[in-house]
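Nothing in this text is a laboratory measurement; each read-out follows from the coordinates by a stated rule. Predicted, not measured: the structure shown is a model, and the values here were computed from it. As a convention, Cβ positions derive from the backbone with ideal geometry for all residues, glycine included, and neighbour counts pool all protein chains shown.
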Amino acid sequence: MAEIVILDDILDAAVLVQKILTRRGHAVRAFTEEDDFLSHLESSPVDLAILDLNLKKMSGLEVLEKIKRRKPRVRVIILTGFPTLESAKEAIALGAGAYCVKPVDVRNLEEIVAGELSRP
């Protein structure tokens, strides 16, 4: 299965997504600190990153940019409780494969993750 990382400023939100995807057989690590997340990204294989839009030190879009500069093959999904058309457009333009609104339905999340992981 896939190596997935989650970055959310709220630990409970990250852990919830982690539990959902771990049950699907994925290896999932959850982070709440951008620096820890980016360090892990540099030192470990990652297939998919799931990012909250609003983080502690930077935005999910800034982290998305860093991911795509450092490891362009990593797939990215943006999750947000505060969706805007502007942030959705920017996320897709920066390389996110999906932009999802919280709270996300479990089945919908599983389908989006499967879709992203199956893309060539």
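Rounded to the nearest 20 debye, what is the charge dipole size of the stretch 12-71 about its Cα centre when +1 sits on each Lys and Arg Cβ and -1 on each Asp and Glu Cβ?
Details: 11 positive and 10 negative charges, 54 e Å.
In total the dipole reaches around 260 debye.
Taking every DSSP beta bridge with both residues inside the chain, roughly what % is antiparallel (nearest 5)? Write out the running numbers ahead of the final one.
Values: 1 of 19 bridges.
Beta bridges within the chain, antiparallel portion: roughly 5 percent.
Report the relative contact order of the chain, percent, no decimals, based on alpha-carbon pairs under 8 angstrom and at least 6 residues apart. Working shown, then result.
Numbers: 188 pairs, mean separation 27.4, N = 120.
RCO, the chain: 23 percent.
Please compute the length gained on full extension between Leu11 and Asn108, using 0.36 nm multiplied by the number of residues separating them and subtracting their Cα-Cα distance. Please report the intermediate quantities before stating the final value.
Values: separation 97, 0.36 × 97 = 34.92 nm, distance 2.10 nm.
Working it through step by step, the gained length comes to 32.8 nm.
Can you tell me the dipole magnitude for the chain around its Cα centre, using point charges on the Cβ only (Lys, Arg +1; Asp, Glu -1), in Debye to the nearest 20? Walk me through the intermediate numbers first.
Details: 17 positive and 19 negative charges, 78 e Å.
Dipole of the chain, to the nearest 20 debye: 380 debye.
Give a residue-ordered list of calculated ³J(HN,Hα) values for the stretch 54-68 (Karplus: 6.51 cos²θ - 1.76 cosθ + 1.60, θ = phi - 60°; whole Hz; x for Gly, Pro).
9, 10, 7, 9, 8, 8, x, 5, 5, 5, 4, 4, 5, 4, 5
Output the peptides 82-95, 23-36, 4-17 sorted from most to least packed, where packing is the average of other Cβ atoms within 10 Å over each peptide's residues. Could the numbers behind the result be given before it?
On the way: 82-95: 13.8, 23-36: 16.1, 4-17: 19.8.
Final packing ranking: 4-17, 23-36, 82-95.
With θ taken as phi - 60° and the coefficients 6.51, -1.76 and 1.60, list the Karplus ³J(HN,Hα) couplings across the stretch 93-101 in order, rounded to whole Hz; mark glycine and proline as x.
Karplus values, whole Hz, x for Gly and Pro: 4, 7, x, 5, x, 8, 10, 10, 9.
Under a 5 Å amide H to amide H cut-off, with H placed in plane at 1.01 Å, what residues pair with Phe31 once short-range neighbours are removed?
Ile6, Leu7, Asp8
Rule-of-thumb check for the chain: C-alpha Rg over 2.2 N^0.38 Å? Before the final figure, lay out each step's value.
Values: Rg = 12.7 Å, N = 120, 2.2 N^0.38 = 13.6 Å.
Normalised by 2.2 N^0.38 Å, the Cα Rg of the chain equals 0.93.
222 nm [θ] for the chain, helices only, -39500 (n - 2.57) per DSSP H run of 4+, per residue, to 500? Could the numbers behind the result be given before it?
Values: 5 runs with 57 residues, N = 120.
One gets -14500 deg cm²/dmol as the mean residue ellipticity at 222 nm.
Ser118 to Arg70: FRET efficiency via 1/(1 + (r/R0)^6), r the Cβ-Cβ distance, R0 25 Å, to the nearest 0.05? Write out the running numbers ahead of the final one.
Values: r = 23 Å, r/R0 = 0.93.
Approximately 0.60, to the nearest 0.05.
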